[in-house]
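The values are calculated or read from the model by the stated rules, or taken from the named source; none is laboratory data. None of these values were measured; they are calculated from a predicted model. All Cβ positions, even for glycine, are placed from backbone atoms using ideal geometry, and neighbour counts span all protein chains on display.
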Amino acid sequence: MMRVSSVPFFRKVPFIRILPCFIAGILIQYYFPHAAFLPAVVLLISLLLLVIHAFISVRSKFRFRKPTATLLYTSLFCIGSLLARDRNIYYQKDWIGNYATEAKPVLLQLSTQPIERDKTWKIEADILAFQDQQGWKKASGRILLYIEKRTKGLQKDQQIITEKSLQPIAQMQNPGSFDYAAYCARQGIYHSLYLTEKDFYVVQQPKEAKHILDRAQEYVRCIFHQYIRGQQEQAIAEALVIGYKYDLDDDLLQAYSNTGVVHVIAISGMHLGLIYGILLFLTKLLQRNAISRWIRALLILLLIWSFTLLTGAGPSVLRAAVIFSLMLLGELLVRKNNTYNTLAASAFLLLLVNPFYLWDIGFQLSYLAVLSIVWISGPLYRSVYIPFRPLRYLWQLMAVTISAQVLTMPIILYHFHQFPNLFLITNLLIVPLSGLVLYGCIVLLAVSPLHAVALIAGNIIEKTLRVMNQIILFFDQLNFSVTNHIELHFIQVALYYVMVIAIGCRIIYKKPLYATIGVVSGLVIVGFHSNRQITIRNTGRLVIYQTHGQTMTDIGSGGTYYSWTSDQPDKTAEKFLASSRTQLGFVQSLGRLSTKEYPVVQINHRTLVFTDKAPKHGFFPADIVVVQKGAFLNMSDLHRVFNARQYIFDGNNALWKIRKWKKEADSLHLRHHSVPEQGAFVMEY
């Protein structure tokens with residue numbers, strides 16, 4: 001009887017074996033920076049030994065197979081480390097940060113179209129050169145420009161010169177706040193500038209012929225504005241087809257996020273998958289012979305990569321483009337595709353291009369969603385048999401939607417601190433509609449030369465989009481649509497994945513050990529949560545946040561808090577502090593008070609005072625004094641009146657004033673804290 005031996009899983013997925021070592025090299029270089037010399041030497045030695053291994057006998061190769069594998073993994077680790085260092089502009093010799101102190105006139109080229117904000121235009125620019133005493137020198141780097149709103153004529157590819165000193169991008173040091181400085185650094189941006197009309201002058205206008213992708217985007221937007229009525233409907237169409245999100249209303253965007261369907265208007269692999277599917281259907285006839293199959297593959301590749309570039313080539317859509325390209329290549333070469341290996345290969349290729357995709361949330365969610373669907377949706381769908389075909393299709397869509405949440409949920413909770421409770425219902429309704437809208441928009445672009453037909457297509461798309469928005473807004477207004485203020489520690493996220501993998505292994509391999517690992521991981525996660533709830537219940541906190549232009553202070557315990565503000569905070573400020581309040585355990589607001597109307601607060605037998613001046617007469621002892629907008633303030637006068645244990649200088653004050661007060665306070669041996677320089681002031685009681 002013939003014995004059939006199956007190939008072990010990891011033998012069939014080489015990229016899954018090599019990807020962890022490559023990623024480890026990137027991570028070690030990022031979190032523990034080191035010179036390129038050591039990994040370069042180790043890489044050269046490993047490659048030399050691998051070359052020698054290629055010329056030894058087959059018996060010797062088998063004998064040394066494990067050391068050979070170790071050399072290969074070591075080489076990949078070193079390549080990851082070297083790539084992460086090479087792609088980091090911080091280590092380049094001509095980086096502008098090495099000369100920022102002496103750089104006065106700086107030559108910049110605007111690299112993006114101006115994005116309209118409340119008071120400024122936001123633009124990214126490439127640094128081309130700077131001038132010092134010896135003349136102009138070539139430089140590299142990127143910078144964020146904020147140019148006052150009244151400035152006209154700003155265009156992509158313009159070259160300008162400014163003499164303002166570059167400002168490092170500062171990180172808002174609030175508990176649990178998003179590290180914007182690190183986010184920008186991973187994109188090669190370390191500086192920013194605010195410019196008025198008088199702070200720069202244009203030295204070279206862009207060429208008349210715009211980039212083909214810019215012209216294509218403008219054409220698509222023009223067609224949508226012409227044939228689709230309604231600003232929000234136009235904005236959704238732009239976001240869904242070309243990834244242009246700057247016209248979206250903030251409240252509508254938040255509603256899509258709260259209901260769990262924001263992926264519909266954030267260009268992702270789903271959109272490219274829909275286009276890939278229709279291209280396969282339309283090119284079925286080109287499968288008759290080898291030549292026609294190559295023509296079909298090249299045509300599909302051209303179209304999907306054109307769409308990828310048109311949408312800005314974000315990590316999630318790039319992932320889909322690479323996967324579809326590998327699938328087409330495998331089909332042409334008559335190679336059987338292993339989905340897991342293809343997924344790992346696409347990740348490897350993208351990280352070769354840009355190692356910092358590893359920290360991109362879109363990259364993480366895209367791969368985890370696909371992996372989750374591939375791993376879980378099939379068994380979940382087959383676990384329930386539904387004979388009625390329409391209901392079976394509905395169950396299939398539900399299985400995919402549920403599966404996608406399994407591996408993406410902890411990342412969403414960790415970064416965004418909320419969970420859309422109605423995601424299953426909204427996805428079942430919105431995903432099919434969004435697919436129809438995408439196909440409808442493609443038809444609209446195709447028939448746009450036929451005005452009458454385009455009007456009909458635009459009208460149908462507009463009505464469909466309006467129904468989509470109404471559905472989203474209806475579910476968003478429900479009190480139970482979203483659960484907010486969810487805080488996960490990084491260890492809890494890691495343990496969650498250990499638990500999921502252990503459960504999967506228990507189902508596949510039937511070993512009790514995996515069940516034990518899963519249960520223990522789950523119990524530790526619950527233990528972390530319980531410890532946090534006990535800490536929140538028993539700890540009170542005074543927090544003076546680091547904000548621009550106003551005082552924002554929270555005082556609370558047991559999950560509830562009061563807020564003190566110098567001015568009426570806008571939605572942006574409240575949204576900015578949401579993650580900080582979640583980490584601090586401030587869940588329920590009991591009210592907002594003005595520091596002008598209520599300048600004195602009693603906190604657990606301590607007196608807190610908000611002031612912008614020292615009264616000329618009187619004595620009012622306090623424990624903590626918060627100085628806000630102190631125009632003509634003298635620390636000796638302030639201490640004479642309040643005799644406080646500590647003085648806090650908040651973000652309302654100019655840095656030069658704070659530094660002056662700090663010198664005076666040091667001479668008087670007074671404790672002080674500068675919020676703009678040291679970050680948020682947090683006191684537990």
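Quick notes on this structure:
- As a summary of the residue check, residue 377 satisfies the conditions (1) of a type outside the set (D, E, K, R); (2) at pLDDT below 90; (3) over 30 Å from residue 187 (Cα atoms) except for the one numbered (2).
- Per the listing 291, 228, 267, 212, the residue uniquely aliphatic (A, V, I, L, M), within 30 Å of residue 155 (Cβ to Cβ) and surrounded by fewer than 15 Cβ atoms within 10 Å (Cβ to Cβ) is 212.
- Being charged (D, E, K, R), surrounded by 15 or more Cβ atoms within 10 Å (Cβ to Cβ), in contact with a helix residue (DSSP H, G or I) (Cβ under 9 Å, 6 or more places away or on another chain) and modelled with pLDDT of 90 or more is a condition met by no residue of segment 108-122.
- In segment 40-52, the residues that are touching a residue at least 24 places away in the same chain (Cβ under 8 Å) reach residues that are in a helix (DSSP H, G or I) and not hydrophobic (A, V, I, L, M, F, W, C) with C-beta atoms within less than 6 angstrom, at least six apart or across chains, in these pairs: 43/75; 46/74; 46/75.
- Pairs, first in contact (Cβ under 8 Å) with a residue 24 or more places away in the chain and under 15 Å from residue 568 (Cβ atoms) in segment 590-617, second among the hydroxyl-bearing types (Ser, Thr, Tyr) and surrounded by fewer than 19 Cβ atoms within 10 Å (Cβ to Cβ), C-beta under 6 Å, six or more apart: 591/562
- Qualifying residue in segment 81-99 (condition: surrounded by 12 or more Cβ atoms within 10 Å (Cβ to Cβ) and more than 20 Å from residue 184 (Cα to Cα)): yes
- Answer residue from segment 531-550, given it is polar (S, T, N, Q) and either touching a residue at least 40 places away in the same chain (Cβ under 8 Å) or surrounded by 14 or more Cβ atoms within 10 Å (Cβ to Cβ) (or both) and is nearest to residue 648 (Cα to Cα) among those: 546
- Residue in segment 323-336 that is among the aromatic types (Phe, Trp, Tyr) and within 27 Å of residue 242 (Cα to Cα) present: yes
- Failed condition for residue 582, given (1) in contact with a His (Cβ under 6 Å, 6 or more places away or on another chain); (2) not in a helix (DSSP H, G or I): (2)
- Candidates in segment 270-287 are the residues that are of a type in the set (A, V, I, L, M) and assigned to a loop (DSSP other than H, G, I, E, B); of these, the one that is surrounded by the fewest Cβ atoms within 10 Å (Cβ to Cβ) is 285.
- Test: residue in segment 551-570 that is in contact (Cβ under 8 Å) with a residue 60 or more places away in the chain, assigned to a loop (DSSP other than H, G, I, E, B) and surrounded by fewer than 22 Cβ atoms within 10 Å (Cβ to Cβ): no
- Qualifying residues in segment 441-461 (those that are closer than 18 Å to residue 243 by Cα and buried (at least 20 other Cβ atoms within 10 Å of the Cβ)) - the one farthest from the chain's Cα centre (by Cα): 444
- In segment 332-348, residue surrounded by the fewest Cβ atoms within 10 Å (Cβ to Cβ) [restricted to those that are assigned to a helix (DSSP H, G or I) and of a type in the set (A, V, I, L, M, F, W, C)]: 332
- Residue 220 being out of contact with any Cys (no Cβ under 7 Å at 6 or more places or on another chain), outside any loop (DSSP other than H, G, I, E, B), touching a residue at least 60 places away in the same chain (Cβ under 8 Å) and more than 28 Å from residue 442 (Cα to Cα): no
- Selected residue (criterion: farthest from residue 276 (Cα to Cα)) from residues of segment 318-333 that are free of Cβ contacts under 8 Å to residues at least 40 places away in the same chain and among the small types (Gly, Ala, Ser): 330
- In segment 138-165, residue farthest from residue 214 (Cα to Cα) [restricted to those that are modelled with pLDDT under 90 and surrounded by 15 or more Cβ atoms within 10 Å (Cβ to Cβ)]: 151
- Some residue of segment 335-343 being on the phi < 0 side of the Ramachandran plot, under 26 Å from the mean Cα position of the chain (by Cα) and of a type in the set (A, V, I, L, M): yes
- Candidate set: segment 455-485, residues that are part of a loop (DSSP other than H, G, I, E, B) and touching a helix residue (DSSP H, G or I) at 6+ places or on another chain (Cβ under 8 Å); chosen: the one farthest from residue 422 (Cα to Cα): 485
- Residue in segment 182-197 that is out of contact with any His (no Cβ under 6 Å at 6 or more places or on another chain), at pLDDT below 90 and of a type in the set (Gly, Ala, Ser) present: no
- Long-range neighbours under 7 Å by Cβ, at least six apart or interchain, first residue under 20 Å from residue 255 (Cβ atoms) and among the β-branched types (Val, Ile, Thr) within segment 422-446, second at pLDDT 90 or above and outside any helix (DSSP H, G or I): 426/259; 426/260; 426/261; 430/261
- Pairs are defined by a Cβ separation below 8 Å, a sequence spacing of at least 6 or placement on different chains, a first member in segment 108-123 that is within 16 Å of residue 202 (Cα to Cα), and a second member that is among the basic types (Lys, Arg) and at pLDDT 90 or above; the pairs so defined are 111/142; 114/122.
- Scan of segment 499-530 for residues that are under 30 Å from residue 559 (Cα atoms) and in contact with a helix residue (DSSP H, G or I) (Cβ under 9 Å, 6 or more places away or on another chain), ordered by number: 499, 519, 520, 521, 522, 524, 525, 528, 529
- Pairs linking a residue in segment 366-393 that is closer than 19 Å to residue 412 by Cα to a residue that is part of a helix (DSSP H, G or I) and among the charged types (D, E, K, R), with Cβ atoms under 8 Å and 6 or more positions apart or on different chains, are 366/319; 367/319; 370/319.
- Residue match in segment 397-411 (condition: among the hydroxyl-bearing types (Ser, Thr, Tyr), closer than 30 Å to residue 175 by Cβ and assigned to a helix (DSSP H, G or I)): yes
- Looking only at segment 127-170, and only at residues there that are of a type in the set (A, V, I, L, M, F, W, C) and assigned to a loop (DSSP other than H, G, I, E, B), the one that is farthest from residue 106 (Cα to Cα): 170
- Given (1) closer than 17 Å to residue 240 by Cα; (2) in a helix (DSSP H, G or I); (3) touching a residue at least 24 places away in the same chain (Cβ under 8 Å), index of the condition residue 306 fails: (3)
- Verdict on residue 488 being surrounded by 19 or more Cβ atoms within 10 Å (Cβ to Cβ), at pLDDT 95 or above and not hydroxyl-bearing (Ser, Thr, Tyr): no
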